[in-house]
Amino acid sequence: MKYWMVKQEPEAYSFEQLLKDKTTDWTGIRNFQARNNLREMRVGDKVLFYHSVSEKAVVGLAEVSGEAFTDATDEEGKWIAVEIRAVGKFETPVTLDEIKRNPDLQNIALIKQWRLSVIPLSEIEFKTIIELTEK
């Protein structure tokens, strides 16, 4: 199993909307590194959902429910998407400031490659963020 983080502005598509929809196709990725990360995702992989821009916090847990397929929003057919399924909203979101202050998260791509929208996480990074949601 692998671990991931996806970033989205809550005004564009929030975790609350994913909870209502239950699943969604994660489309619109137009970055080569993010696309490569989508290709690596497998059914059952855990996905942290990060609200970018206005909230800057990890707000929920999802999982990959469908592996890479052609992105329906791409007219040229060059880009891919995956399907993700909502698992649950965190009672305590984990803010970007908390992540930056945590010594176990100093190398997380959220900080190092802040423009990347699909981020691989190590097991330690994933578990550390989950622990922070439980405080």
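The values are calculated or read from the model by the stated rules, or taken from the named source; none is laboratory data. These figures come from a predicted structure and were not determined experimentally. Cβ atoms come from the backbone with ideal geometry, glycine included; neighbour counts cover every protein chain shown.
The table below lists the values:
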quantity	calculated
Close pairs (7 angstrom Cβ cut-off, 6 or more residues apart or separate chains): under 12 Å from residue 2 (Cα atoms) and without any contact (Cβ under 8 Å) to a residue 60 or more places away in the chain in region 106-135, among the acidic types (Asp, Glu) and assigned to a helix (DSSP H, G or I) anywhere	124/104
Count of region 44-65 residues which are over 18 Å from residue 81 (Cβ atoms), among the small types (Gly, Ala, Ser) and out of contact with any Gly (no Cβ under 9 Å at 6 or more places or on another chain)	3
Which listed residue is more than 23 Å from residue 10 (Cα to Cα) and within 17 Å of the chain's Cα centre (by Cα), from 75, 67, 63	67
Positions within region 61-80 being over 15 Å from residue 126 (Cα atoms) and touching a helix residue (DSSP H, G or I) at 6+ places or on another chain (Cβ under 7 Å), in sequence order	68, 79, 80
Residues located in region 92-135, provided they are more than 17 Å from residue 57 (Cβ to Cβ), part of a loop (DSSP other than H, G, I, E, B) and among the basic types (Lys, Arg)	115
Hits in region 78-105 (condition: within 20 Å of residue 2 (Cβ to Cβ) and more than 17 Å from the chain's Cα centre (by Cα))	104
Residues of region 45-102 that turn out to be closer than 17 Å to residue 17 by Cβ, buried (at least 16 other Cβ atoms within 10 Å of the Cβ) and basic (Lys, Arg), as a count	1
Neighbours by Cβ (under 6 Å, 6+ apart or cross-chain): first from region 36-64, at pLDDT below 95; second in a loop (DSSP other than H, G, I, E, B)	53/9
